[in-house]
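Below is one structure, written out as structure tokens, with a few remarks after it.
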Amino acid sequence: MYCINCGVKLADTEKRCPLCGVTVFHPELDRPDSEPLYPPHRSPLPQVNSRSAQGVLTAAFLLPLLITLLCDLQINRRVTWSGFVIGALLVGYVIFVLPLWFRHPNPVIFVPCGFAAVGVYLLYIDLAVGGKWFLSFAFPVVGGIGLIVTAVVVLLRYLRRGRLYIFGGAAIALGAFMPLMEFLICVTFHRPRFVGWSLYPLIALVLLGGTLIFLAICRPARETMERKFFL
Ligand SMILES: [Zn+2]
């Protein structure tokens, strides 16, 4: 007979292993019911009850929201500044807490949802302050960046390889978006002329994206980089 824990050879009469102290399993020996036959299993870490965590987080968002709304109604008799605070809280909730309600939150769904929430919030601000910059500026900028980020998330999720191509392509797309953004700023805010500051981020992002794609294509260069940066 051998100890089931440490493997030391045991005498038949032994009730406990002399070496490690574990109770010896011996079918003919009587033992109290409470005594386990095997060393206790190392139970997995107790899981945080995620439902209650989500409830607490939801309350943490709802409480300031209600307080803000009540203060605003008390002072101004209508929704004024509290609309901005509530909008920001709701955007934060959609981005950070809403995915927690799902067992396997799919970023392909939640990333565009987050951008949509930001877009709706900006539309609210635009309407509230009469800014008239939503359609010609905020919508295309949030939509464009949202599309690029969503494309990256979708490709990363459904393609197993080619991360360098994906990030390189995204950097170049973002760079190409910069002059368009400057153009939209000029048009929307009636800037006199197109200065061209957007060319600097454009050049930087195209260089970054080009480098990533070069590394993706050129295997020896990639291996050198990996060795250099201990990747
Ligand atoms: Zn033992």
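The values are calculated or read from the model by the stated rules, or taken from the named source; none is laboratory data. Small disclaimer: the values here were computed from a predicted structure and weren't measured. Glycine also receives a Cβ, built like all others from the backbone with ideal geometry; neighbour counts cover every protein chain displayed. Just the protein is used for accessible areas: all its heavy atoms, side chains included, with ligands, DNA and RNA removed. Shrake-Rupley method; radii C 1.70, N 1.55, O 1.52, S 1.80 Å.
Points to keep in mind about this one:
- Segment 16-29 residues that are assigned by TED's automatic domain parsing to the domain that holds MET1 and assigned to a strand (DSSP E or B), paired with ones that are modelled with pLDDT under 70 and polar (S, T, N, Q) (beta carbon under 9 Å, 6 or more apart): none
- Counted residues, segment 141-185 - those being surrounded by fewer than 19 Cβ atoms within 10 Å (Cβ to Cβ), over 23 Å from the mean Cα position of the chain (by Cα) and small (Gly, Ala, Ser): 1
- ALA138 being open to solvent by less than 50 Å² (accessible area, probe 1.4 Å) and more than 30 Å from THR80 (Cα to Cα): no
- Any helices (runs of 4 or more DSSP H) falling wholly within segment 119-231 and containing at least 2 residues that are in contact (Cβ under 8 Å) with a residue 40 or more places away in the chain and within 30 Å of LEU89 (Cα to Cα): 139-158, 163-188
- Look at (1) at pLDDT 70 or above; (2) surrounded by 11 or more Cβ atoms within 10 Å (Cβ to Cβ); (3) within 16 Å of the ligand (Cβ to nearest atom) and you find that PRO39 fails only one, number (1).
- Extreme residue, farthest from LEU147 (Cα to Cα), among residues of segment 99-113 that are part of a helix (DSSP H, G or I) and open to solvent by less than 60 Å² (accessible area, probe 1.4 Å): PRO99
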